[in-house]
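The values are calculated or read from the model by the stated rules, or taken from the named source; none is laboratory data. On a predicted model such as this, the values are computed, not experimentally measured, just so you know. Positions of Cβ are generated from backbone atoms using ideal geometry, with glycine treated the same way; all protein chains shown enter the neighbour counts. SASA here: full protein model, heavy atoms, side chains in, ligands and nucleic acids out. Shrake-Rupley method; radii C 1.70, N 1.55, O 1.52, S 1.80 Å.
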Amino acid sequence: SKGTVDSLLRFLDHSEGRSSREIAEFLGYASTNVATRKVRPLIERGLVERTIPDAVSSKNQRYRITEAGRRILE
(Lines give C-alpha, C1' and ligand atoms only; values in the text may rest on other atoms or scores of the structure.)
Protein backbone atom coordinates (compact mmCIF):
# COMPACT_ATOMS: atom_id res chain seq x y z
CA SER A 1 0.00 0.00 0.00
CA LYS A 2 1.02 3.63 -0.44
CA GLY A 3 1.40 4.14 3.32
CA THR A 4 3.70 1.14 3.59
CA VAL A 5 5.76 2.34 0.60
CA ASP A 6 6.05 5.85 2.08
CA SER A 7 7.09 4.56 5.50
CA LEU A 8 9.62 2.17 3.93
CA LEU A 9 11.08 4.96 1.78
CA ARG A 10 11.41 7.15 4.90
CA PHE A 11 13.13 4.28 6.72
CA LEU A 12 15.56 3.88 3.80
CA ASP A 13 16.35 7.61 3.80
CA HIS A 14 19.49 6.95 5.82
CA SER A 15 23.00 7.96 4.78
CA GLU A 16 24.50 4.47 4.95
CA GLY A 17 21.36 2.68 3.80
CA ARG A 18 19.75 -0.20 5.65
CA SER A 19 20.60 -3.88 5.68
CA SER A 20 18.11 -6.58 4.72
CA ARG A 21 18.01 -7.56 8.42
CA GLU A 22 17.07 -3.99 9.43
CA ILE A 23 14.40 -3.89 6.71
CA ALA A 24 12.99 -7.23 7.86
CA GLU A 25 12.78 -5.99 11.46
CA PHE A 26 11.18 -2.72 10.34
CA LEU A 27 8.54 -4.56 8.28
CA GLY A 28 7.99 -7.22 10.95
CA TYR A 29 9.30 -10.19 8.96
CA ALA A 30 11.47 -12.99 10.29
CA SER A 31 12.89 -13.58 6.82
CA THR A 32 15.35 -11.23 5.15
CA ASN A 33 14.35 -12.86 1.82
CA VAL A 34 10.78 -11.66 2.22
CA ALA A 35 12.05 -8.19 3.14
CA THR A 36 14.26 -7.90 0.06
CA ARG A 37 11.37 -9.11 -2.13
CA LYS A 38 9.35 -6.16 -0.79
CA VAL A 39 12.19 -3.78 -1.74
CA ARG A 40 12.74 -5.16 -5.27
CA PRO A 41 9.76 -3.35 -6.91
CA LEU A 42 11.04 -0.08 -5.44
CA ILE A 43 14.47 -0.75 -6.97
CA GLU A 44 12.82 -1.50 -10.33
CA ARG A 45 10.93 1.82 -10.11
CA GLY A 46 14.19 3.64 -9.36
CA LEU A 47 13.06 4.72 -5.87
CA VAL A 48 15.62 2.61 -3.98
CA GLU A 49 19.15 1.55 -4.89
CA ARG A 50 21.59 -1.08 -3.69
CA THR A 51 24.80 0.29 -2.18
CA ILE A 52 26.75 -2.55 -3.86
CA PRO A 53 25.00 -2.92 -7.23
CA ASP A 54 27.59 -5.36 -8.61
CA ALA A 55 27.21 -7.82 -5.72
CA VAL A 56 23.49 -8.20 -5.15
CA SER A 57 23.87 -10.96 -2.53
CA SER A 58 26.85 -9.47 -0.68
CA LYS A 59 26.53 -9.75 3.10
CA ASN A 60 27.43 -6.05 3.19
CA GLN A 61 24.60 -5.11 0.81
CA ARG A 62 22.48 -2.19 1.95
CA TYR A 63 19.51 -0.39 0.44
CA ARG A 64 18.90 3.35 0.35
CA ILE A 65 16.42 5.80 -1.11
CA THR A 66 17.26 7.59 -4.37
CA GLU A 67 16.57 11.20 -5.31
CA ALA A 68 13.51 9.95 -7.23
CA GLY A 69 12.34 8.22 -4.04
CA ARG A 70 12.76 11.45 -2.08
CA ARG A 71 10.67 13.33 -4.65
CA ILE A 72 7.83 10.81 -4.12
CA LEU A 73 7.84 11.73 -0.40
CA GLU A 74 7.66 15.48 -1.00
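With +1 on each Lys and Arg Cβ and -1 on each Asp and Glu Cβ, and nothing else charged, work out how big the dipole of the chain is about its Cα centre, in Debye to the nearest 20.
Charge dipole, the chain, about its Cα centre: 180 debye, nearest 20.
Hey, of (i) 35, 31, 16; (ii) 55, 23, 17; (iii) 32, 26, 20, which did the structure itself give for Cα extents along the principal axes in Å when calculated?
It is the value labelled (iii).
When the chain is fully extended, how far beyond the present Cα-Cα distance does Arg40 get from Phe26, taking 0.36 nm per residue of separation?
3.5 nm
Tally up the carbon and sulfur contribution to the accessible surface of the chain as a whole percent, 1.4 Å probe, everything protein left in place.
Carbon with sulfur: 47 percent of the solvent-accessible area.
How much accessible area per residue does the chain have, counting only protein heavy atoms and a probe of 1.4 Å, in square angstrom? Write down the numbers at each step before the final one.
On the way: 4680 Å² over 74 residues.
Spelled out: the 1.4 Å probe surface of the chain, per residue, equals 63 Å².
Using only helices, what value at 222 nm comes out for the chain when you add -39,500 (n - 2.57) per DSSP H run of length 4 or more and divide by the total residues, to the nearest 500 deg cm²/dmol?
Only helices count here, giving -15500 deg cm²/dmol.
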